[in-house]
Structures are given as structure tokens and as C-alpha cells.
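The values are calculated or read from the model by the stated rules, or taken from the named source; none is laboratory data. On a predicted model such as this, the values are computed, not experimentally measured, just so you know. Accessible surface areas use protein heavy atoms only, side chains included; no ligands, DNA or RNA. Shrake-Rupley method; radii C 1.70, N 1.55, O 1.52, S 1.80 Å.
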Amino acid sequence: MSLSDPIGDMLSRIKNAQVRSHRKVSLPSSKFKTKIADVLKSEGYIIDYKVNDDKKPSIEINLKYNSGNPVINTIERVSKPGRRIFSSANSLPKINNGLGIAIVSTPQGVMTDVDARKKKLGGEIICKVF
């Protein structure tokens, strides 16, 4: 089965697993999804992730909770396959006055909006996490 938006599928699986209070979520793996999981881990939104290289590679994400509540309050896709959203370094959005992050795909890789502003890089805004 082919998906038209695999990144949107990843974000939906994380959101749905946290609504049901699952500790782990498994999904099909790709390099781009691994980079997004790496940003989520470095920012403290997930505990860890592991890539399983079997016949069908998958990524298993360990979700993070704080006193029973999920750490990720909202995670939503910004740039979709039908409408790509790009931004320059100056006009990158601040999510909830800097409390959340925007994950941006830049020419130097996938990073947060804060890192992209420091490096003066623009790019495609993948999603918002708060």
C-alpha cells in the first residue's frame, strides 16, 4: 500500500498512540522519519527511537510522559504534499512564543526553527510540536 503522506502518517501514529497512553509506537522507517525522530529526541519530546532493519525496515519510538500526561501536547503537519510551505530564516514562525518547536527541512538537514534561525537558513516547515 502506498501512502501519499508518510510524514503525516508518522505524526498521526504518534498522536494516536499518546491518546491511548501507549509506551511505544512502531511505523515504517525512512531516513527522513529517522531525522525527525532524532530532532524530537534531542528536544526532549520522546525518550528514544530504534531502527529495525529487517525485510521491511521499521522505526520504534518510545514515547515520553510527564506524571501520566503526554509530553507532546500537539503535533501537527504544516507543509503537506498538496501545499508545501517554505519560509526564510527571518520569517520562521515561533511556536507558542518559543515554548514549542517547528521542525524545518533545510539544505543542511532537518533541524528546529531555533537552530535554523541561528544558522540563518530557511526551508520547508515540516511540522509544529508543542
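Quick query: amide H of Lys24 versus all other amide H atoms, modeled in the peptide plane; which residues come in under 5 Å with a sequence gap of 5 or more or a different chain?
Under 5 Å from the amide H of Lys24 lie the amide H atoms of Leu63, each far enough along the sequence or on another chain.
So what J values fall out for region 38-55 if you push phi through Karplus, 6.51 cos²θ - 1.76 cosθ + 1.60 with θ = phi - 60°, rounded to Hz, Gly and Pro as x?
Using θ = phi - 60°, the values come out as 5, 5, 4, 5, 5, 8, x, 8, 10, 6, 6, 9, 9, 9, 9, 9, 9, 4 Hz.
Using θ = phi - 60° and the Karplus relation 6.51 cos²θ - 1.76 cosθ + 1.60, list the HN-Hα couplings for region 105-121 in order, rounded to whole Hz, with x at every Gly or Pro.
Calculated HN-Hα couplings, in order: 9, 10, x, 9, x, 8, 8, 7, 5, 5, 5, 5, 5, 4, 8, 6, 10 Hz.
Hey, what's the chain come to in accessible area per residue, 1.4 Å probe, Å²?
Ligands and nucleic acids excluded, the figure is 60 Å² per residue.
With the Cα gyration tensor of region 80-130 giving a ≥ b ≥ c as the square roots of its eigenvalues, does the rule (a/c under 1.5 for rounded; else a/b larger than b/c for prolate; else oblate) give rounded, prolate or oblate?
oblate
Under a 5 Å amide H to amide H cut-off, with H placed in plane at 1.01 Å, what residues pair with Thr106 once short-range neighbours are removed?
Result for Thr106 returns Met111.
Please state, to two decimals, what the Cα-based radius of gyration of the chain comes to when divided by 2.2 N^0.38 Å (N = residues).
Here the answer is 1.03, to two decimals.
Between region 16-33 and region 69-126, what is the C-alpha centre distance in whole Å?
20 Å
Roughly how many Å² of Thr34 are accessible to a 1.4 Å probe, to the nearest 10?
30 Å²
Using the C-alpha atoms of region 1-59, what convex hull volume per residue, in cubic angstrom, is computed?
92 Å³
Ordering Leu121, Leu3, Leu63 by how much accessible area each has at a 1.4 Å probe, largest first, what is the list?
Descending order: Leu3, Leu121, Leu63.
Using only Cα atoms and rounding to the nearest 10 degrees, what angle (0 to 90) does helix 6-19 make with the longest principal axis of the chain?
With rounding to tens, the tilt is 60 degrees.
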